[in-house]
Amino acid sequence: MFWHQYMTNIQDPNSQSYSYKKLYANSLNSEITFIIPVYNNMPDSNPMPQDIKVQGISINQDTFVVNINETGDAILKITPADATNKDVVWWVSNPEVVRVWNGHFRGLKEGIVTLTATTVDGGYSASCKVIVRNPNKNYVQSIQMEKEQYVSYVDEAFDIAYTCYPLDSANTDLYWITDNPEVIRVFGNRYRGLKEGTAKLIAVTDDGKVRAESKVIIRDKNKLYVDKINLDKESYIIGIDQALDIGFTYTPTNATNAEFYWTSSNDEVLRVWGNRIRGLKEGTAEVIATTLDGTVETRATVVVRNSNQSYVKEIKT
């Protein structure tokens, strides 16, 4: 007669239902009363649960490094966290180098591969790099550039000399990049100046763990630049709270970059703003003048004394 349980928010198994047709065969025209319990916490409705769609996927690391026969785990984050279907399909760019199953992977032989996870719902993808090392080989621990700073001109090309340590490292092929591609163009360890400015030239190992950088300054051949800064003295003596303006000149006098940074080697002893200095407490510091591009620098010693004390001016023998 009825197969539905009495509360609308509960569905019992079919095995718990009964047919009462024969029981009431002789009373079909009689009034039948069913008593259905109603509770205060019963819902007004019983909607079907909604299907929550995947909106994105990510992997916890960009690069993994393992040795041959070592394993690792690429941990996925699927958003939203309560997505209905979190199934993903894993793909590896070279199954001879890495084996992958459900985000777990094992290094099979030396090499570099890309792992990609794609959601079944929505087709969202995330990738990471896996580098497999041979434990019997040495790999780069440090990169030494020939210089910390290079100065060249627009349209000039220059090769950067460098050394990888240890010298017998297996992964000496480096990635070369710049933080300012509008100023220099980088191809391998060679760069070309594109326009006047400053940039970093950066060398990185294939696993991204070791890097080195040098500063590159590009100049315009048609301009003159400061080649020397001269202070009026090599050393100064001032008192606490005494201020003094440092006299200076530079050559050539028609240089286009005649702006300077003024700094102190000891901010507790000497305060500097522009070419003016002020003694803060007894001690010794250097006042430093540097061109904005950092290519030219000069220094002078500043001794700050307490004006309430006497100092020996000269020792005669």
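The values are calculated or read from the model by the stated rules, or taken from the named source; none is laboratory data. The model shown is predicted, which means the values in this text are computed figures rather than measured ones. Because the Cβ atoms are built from the backbone with ideal geometry, glycine has one as well, and the counts that use them run over all protein chains shown.
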> When ASP293 is evaluated against the numbered criteria (1) in a strand (DSSP E or B); (2) in contact (Cβ under 8 Å) with a residue 60 or more places away in the chain, which criterion, by number, is the only one it fails?
Replying inline: (1)
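Take the conditions within 19 Å of ILE217 (Cα to Cα), free of Cβ contacts under 8 Å to residues at least 40 places away in the same chain and not in a strand (DSSP E or B) and apply them to ASN180. Does it pass?
Working: within 19 Å of ILE217 (Cα to Cα): yes; free of Cβ contacts under 8 Å to residues at least 40 places away in the same chain: yes; not in a strand (DSSP E or B): yes.
In short, yes.
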> Among the strands (runs of 3 or more DSSP E) confined wholly to segment 104-161, which include 1 or more residues that are exposed (fewer than 13 other Cβ atoms within 10 Å of the Cβ) and of a type in the set (A, V, I, L, M, F, W, C)?
Replying inline: 157-159
>> Within segment 282-299, take every residue that is of a type in the set (Gly, Ala, Ser) and surrounded by 15 or more Cβ atoms within 10 Å (Cβ to Cβ) and give me the one that is nearest to ARG219 (Cα to Cα).
In response: ALA289
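Would you say VAL100 is outside any strand (DSSP E or B) and surrounded by 18 or more Cβ atoms within 10 Å (Cβ to Cβ)? Break it down into steps so the answer makes sense when it comes.
Numbers: outside any strand (DSSP E or B): no; surrounded by 18 or more Cβ atoms within 10 Å (Cβ to Cβ): yes.
No; evaluated as a whole, the condition is false for this residue.
Counting only residues that are in a strand (DSSP E or B) and surrounded by fewer than 15 Cβ atoms within 10 Å (Cβ to Cβ), how many does segment 164-177 have?
Within segment 164-177, residues that are in a strand (DSSP E or B) and surrounded by fewer than 15 Cβ atoms within 10 Å (Cβ to Cβ) number 3.
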> Pick from segment 178-194 the residues that are under 17 Å from LYS147 (Cα atoms) and charged (D, E, K, R): which of them is surrounded by the fewest Cβ atoms within 10 Å (Cβ to Cβ)?
Replying inline: ARG190
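How many residues are surrounded by 14 or more Cβ atoms within 10 Å (Cβ to Cβ) and not β-branched (Val, Ile, Thr) when one looks only at segment 262-281?
From segment 262-281, those surrounded by 14 or more Cβ atoms within 10 Å (Cβ to Cβ) are 262-266, 269-272, 275, 277-280; that's our starting set.
Checking which are not β-branched (Val, Ile, Thr) leaves us with 262, 264-266, 270-271, 275, 278-280.
Counting residues in segment 262-281 that are surrounded by 14 or more Cβ atoms within 10 Å (Cβ to Cβ) and not β-branched (Val, Ile, Thr) gives 10.
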>> Can you find a residue that is closer than 25 Å to ASP62 by Cβ, in contact (Cβ under 8 Å) with a residue 40 or more places away in the chain and not assigned by TED's automatic domain parsing to the domain that holds LEU292 anywhere in segment 190-200?
In response: no
